[in-house]
Amino acid sequence: MDSPASDADLHQKVKEMLQSGSGPIKATKYVREQTGLGLKEAKDFVDHVKEETNI
């Protein structure tokens with residue numbers, strides 16, 4: 001398994017996923033896999049990135 005992504009790397013990857021059309025569900029799943037966060041926390045992270053980048 002890969003080592004956990006740093007916050008900056010995770011933020012960038014989620015941003016790329018959202019911009020490429022992968023959707024928030026896949027991005028949330030990715031965040032959970034990389035960080036071990038719960039569903040709500042991972043969704044909040046993805047929502048924050050989404051708002052920040054106006055996607």
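The values are calculated or read from the model by the stated rules, or taken from the named source; none is laboratory data. Here the structure is a predicted model, which means the values were calculated and not measured. Quick reminder, even Gly has a Cβ in these numbers, built from the backbone with ideal geometry, and neighbours come from all protein chains shown. Each accessible area value is taken on the protein alone, full model and side chains, heavy atoms only, with ligands, DNA and RNA left out. Shrake-Rupley method; radii C 1.70, N 1.55, O 1.52, S 1.80 Å.
What to note about this one:
- Size of charge dipole - the chain - debye, nearest 20, with Cβ of Lys, Arg +1 and Asp, Glu -1, no other charges: 240
- Fully extended contour minus Cα-Cα distance, from residue 26 to residue 55, at 0.36 nm per residue: 8.9 nm
- A Cα-only calculation for the chain places Rg and Dmax at 10.1, 32 Å.
- Computed [θ] at 222 nm, deg cm²/dmol, the chain (DSSP H ≥ 4; -39,500 (n - 2.57); rounded to nearest 500): -23000 deg cm²/dmol
- Charge sum, other residues only, whose C-beta stays under 13 Å from residue 22's C-beta, Lys/Arg counted +1 and Asp/Glu -1: +4
- Carbon plus sulfur fraction of accessible area for the range 7-55, probe 1.4 Å, in percent: 50
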